[in-house]
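Novice: What follows is a structure written as structure tokens; I'll ask about it next.
Only the coordinates and a few stated rules stand behind these numbers; no lab work does. Bear in mind the structure is a predicted one, so any value in this text is a computation, not a measurement. Because the Cβ atoms are built from the backbone with ideal geometry, glycine has one as well, and the counts that use them run over all protein chains shown.
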Amino acid sequence: MNLLELQRRMAEDVRRPLNTDFGMQQETEEGLSISQLAEGYVKPNDRLTSFERLEIYNRQYWFRVIAAVSEDFPALAAVLGAKRFNSLVLAYLKENPSTSFTLRNLGRNLPIWLVGHPEFAPARHLLLLDIARLEWAYTEAFDGLAVPPLTQEDLGDLGADSPLSLQPHLQLLDLRYPVDELVLAVHKETPASDIVSNAVLEREQKQMTPRRLPTMRRSAIYLAVHRFDNSVYYRRIDREAFLLLSALQRRISVGEAIEAAFADSKIAAEEQGQKIQQHFAHAAELGWFCRPYIDLSARQ
């Protein structure tokens with residue numbers, strides 16, 4: 001076995017998924033004994049066999065990637081509990097192994113993957129989906145691209161047929177539960193998290209003990225997750241604002257976006273003009289509008 005073959009052998013064994021007890025598997029998918037494979041390139045010592053020494057690296061690899069995903073989904077971990085969350089991550093990474101040089105991308109597909117895996121908490125599956133979507137939106141907003149916002153002069157030149165884009169870091173979510181409160185409660189226990197929810201700041205809350213999470217009752221909300229001065233904010237918006245911004249995010253014209261937002265709105269026709277002005281003024285104040293840009297991340 002030359003050096004390249006040795007490196008490939010060990011890389012394959014170290015990254016092999018753990019068993020359900022979080023130990024190293026005994027056999028490969030082809031039925032080969034991993035103990036025998038380990039003896040071919042790992043020297044035993046007076047305390048550990050070749051298999052046991054290799055298992056240390058195998059387990060440490062997986063504990064590290066589980067920890068990396070946990071850092072991006074702390075509220076999901078808090079709701080599920082450590083054991084079920086670790087099992088979820090192992091199952092997810094088995095189907096979505098790391099393909100990037102950075103751990104940042106490990107959890108990218110987890111919200112979508114979780115849709116087809118209700119077995120980890122069937123009774124709370126929809127709640128978990130909302131939590132996962134919001135926590136990944138935080139990651140995207142935190143390090144997403146920011147481009148120069150439109151000025152008031154730029155906005156004054158817009159017409160119904162004008163194209164208008166939104167900041168790449170802006171994430172729009174339609175959720176079934178008010179999970180911004182829950183996620184904030186978990187993040188408060190992690191000082192490094194710089195996250196704010198206007199829904200929570202707008203009313204006083206009793207100080208919560210660690211891991212005592214707010215009760216979640218189903219209540220549809222719309223959120224804009226964005227970055228401002230290097231902080232991430234969760235901002236609740238109304239349905240029409242969400243539809244308007246979502247339409248603009250699809251790169252359609254201003255006029256088409258307004259039509260889509262109010263097509264079946266319950267807001268009286270005479271009040272819609274004022275609402276439109278409020279939505280545009282609010283988004284402009286926060287710097288959400290920008291000129292069309294090329295999304296290089298979509299090519300990766």
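Novice: On average over all directions, what projected area in square nanometres does the chain have, based on the convex hull of its Cα atoms?
Specialist: It is 20.8 nm².
Novice: In the Gaussian network model of the chain, springs joining C-alpha atoms below 10 Å, which of 116, 31, 40 carries the largest mean-square fluctuation?
Specialist: Taking springs between Cα atoms under 10 Å, the residue moving most is 31.
Novice: Let me ask something additional. Let me have the 222 nm mean residue ellipticity of the chain computed from DSSP H runs of 4+ only, each contributing -39500 (n - 2.57), with the sum over all residues rounded to the nearest 500.
Specialist: Calculated from helices alone, the mean residue ellipticity at 222 nm is -14000 deg cm²/dmol.
Novice: Can you list the aspartates and glutamates whose alpha carbon is less than 18 Å from that of residue 83, not counting same-chain residues fewer than 8 positions off?
Specialist: Excluding near neighbours in sequence, the set is 21, 71, 72, 119.
Novice: Do any GluC sites (Glu not before Pro) in the stretch 1-88 lie in a loop, going by DSSP, with at most 11 other beta-carbon atoms within 10 Å of their beta carbon, and if so which?
Specialist: 29, 30
Novice: Pick out which of 73, 289, 228 has the largest mean-square fluctuation in a Gaussian network model of the chain, springs linking Cα atoms closer than 10 Å.
Specialist: Between 73, 289, 228, it is 228 that shows the largest mean-square fluctuation.
Novice: Using unit Cβ charges (K, R positive; D, E negative) and no other charged atoms, how large, in debye to the nearest 20, is the dipole of the chain about its Cα centre?
Specialist: Taking the Cα centre of the chain as origin, the dipole is about 920 debye.
Novice: What chymotrypsin sites (Phe, Trp or Tyr not before Pro) in the stretch 30-86 are in a loop by DSSP, with at most 15 other Cβ atoms within 10 Å of the Cβ?
Specialist: 41
Novice: Can you order the peptides 104-110, 176-182, 157-163, 261-267 by their average number of other Cβ atoms within 10 Å per residue, highest first?
Specialist: In descending order of packing, they fall as 176-182, 104-110, 261-267, 157-163.
Novice: Taking the Cα centroid of the stretch 11-56 and of the stretch 228-259, what is the distance between the two, rounded to the nearest whole Å?
Specialist: 51
Novice: Between residue 152 and residue 102, how high is the FRET efficiency from 1/(1 + (r/R0)^6) when r is the Cβ-Cβ distance and R₀ = 45 Å? Nearest 0.05.
Specialist: Calculated value: 0.75.
Novice: Residue 36: net charge of surrounding residues, Cβ under 13 Å, Lys/Arg +1, Asp/Glu -1, itself excluded?
Specialist: Spelling it out: positives minus negatives among the neighbours equals -3.
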